[in-house]
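The values are calculated or read from the model by the stated rules, or taken from the named source; none is laboratory data. All values reported here derive from a predicted model rather than from experimental measurement. Neighbour counts run over all protein chains shown; Cβ positions are idealised from the backbone, glycine included. With ligands, DNA and RNA removed, areas are computed over all heavy atoms of the protein, side chains included. Shrake-Rupley method; radii C 1.70, N 1.55, O 1.52, S 1.80 Å.
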Amino acid sequence: HLDQRVKVRGSKELRQLGEAFNIMSEKLENLDRARNEFVSNASHELKTPLSAIKVLTESLIHMDVDDPSIYREFLEDINSEIDRLNAIINDLLTLVKIDTEAEELKQEPVDLVELVHSTLKGLQILAQKKNIRLETFYDDRLIVSGDAVKLRQVVSNIVDNAIKYTPEGGRVTVEVYKGVENAVVKVSDTGIGIPAKDLPHIFDRFFRVDKARSRTTGGTGLGLSIAQKIVLQHGGNIRVVSEEGKGSTFYVELPIKENKQ
Ligand code: ADP
């Protein structure tokens with residue numbers, strides 16, 4: 001028996017099978033590690049607002065003041081921490097949904113100009129609130145193939161960021177045009193920019209240049225990773241050019257389906 005096993009183990013096919021098995025188990029291990037890291041990061045992100053709520057409610061329980069406005073203040077803080085929990089959970093669910101629906105991604109013709117135009121309508125109010133000028137430059141109809149709801153989310157996340165990270169009185173410019181090979185959505189802002197050292201991490205899950213600032217702006221650190229995932233699924237590409245203190249420009253490139261007038 002022993003002899004046979006040694007012989008079989010020595011055969012070329014089995015060796016190859018063994019190697020394949022090792023590669024596979026290494027991949028599975030990496031996948032496991034990535035998943036664990038994700039769960040651990042997500043839990044940490046959820047714990048922060050939860051801890052804040054705990055502290056606030058405990059203070060409320062032990063509070064003995066006559067002024068009702070103090071209670072109101074605490075309740076408002078609790079309310080915004082709950083909003084934050086909600087935002088994180090919504091983004092996490094979106095991430096999972098994008099993954100699970102990857103194989104059945106819609107491949108419908110989508111007019112990118114029309115899509116960007118209608119998405120910006122909802123963001124105009126946000127810009128106005130900060131006295132930010134939202135400028136647009138559109139090419140003619142530009143048809144790409146994909147899922148309009150998901151592509152709308154990409155545009156919304158990027159323009160929402162541009163408004164969020166641009167101080168009052170700034171400018172956000174959105175252009176849709178036909179590039180050399182792709183349809184391009186270019187979003188530039190005159191905002192705070194991104195430090196060069198942080199640029200390679202900008203699309204990572206939960207990454208934020210400034211966690212404290214991001215908390216006050218309501219960011220989850222998931223918006224860009226969601227956007228990138230969707231764009232890659234559409235066979236496209238997303239990149240950023242930025243200078244700290246000057247502003248950022250995001251480019252979303254998508255394969256053109258047709259360009260009929
Ligand atoms: P968040 O929800 O925090 O905005 P994102 O994934 O959308 O998360 O973005 C990740 C980080 O990238 C942000 O926290 C911010 O630091 C930085 N960032 C994204 N867009 C811009 C921009 N237009 N200008 C400056 N910084 C940006």
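Residue-by-condition table, conditions (1) within 11 Å of the ligand (Cβ to nearest atom); (2) at pLDDT 95 or above; (3) open to solvent by less than 50 Å² (accessible area, probe 1.4 Å):
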| position | (1), (2), (3) |
| --- | --- |
| THR166 | yes, yes, yes |
| ARG171 | no, yes, no |
| VAL180 | no, no, no |
| ARG205 | yes, no, no |
| LYS211 | yes, no, no |
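When you go through (1) modelled with pLDDT of 95 or more; (2) open to solvent by less than 50 Å² (accessible area, probe 1.4 Å); (3) within 12 Å of the ligand (Cβ to nearest atom) one by one for THR190, which number turns out not to apply?
(2)
Just one of (1) crowded, with 22+ Cβ neighbours inside 10 Å; (2) touching a strand residue (DSSP E or B) at 6+ places or on another chain (Cβ under 8 Å); (3) under 19 Å from LYS106 (Cβ atoms) trips up ASP147, so point out which.
Among (1) crowded, with 22+ Cβ neighbours inside 10 Å; (2) touching a strand residue (DSSP E or B) at 6+ places or on another chain (Cβ under 8 Å); (3) under 19 Å from LYS106 (Cβ atoms), ASP147 violates only (1).
Between GLY221, GLY245, which is over 11 Å from ILE158 (Cβ atoms) and either in contact with a Ser or Thr (Cβ under 7 Å, 6 or more places away or on another chain) or near the ligand (Cβ under 9 Å from one of its atoms) (or both)?
GLY221
Could you go through the range 62-81 and let me know if any residue there is open to solvent by less than 40 Å² (accessible area, probe 1.4 Å) and under 26 Å from GLY223 (Cβ atoms).
Looking through the range 62-81, at least one residue is open to solvent by less than 40 Å² (accessible area, probe 1.4 Å) and under 26 Å from GLY223 (Cβ atoms).
Quick test of your reading of the structure: VAL176 fulfils all but one of (1) β-branched (Val, Ile, Thr); (2) assigned to a helix (DSSP H, G or I); (3) in contact (Cβ under 8 Å) with a residue 60 or more places away in the chain. Name the failing condition by number.
(2)
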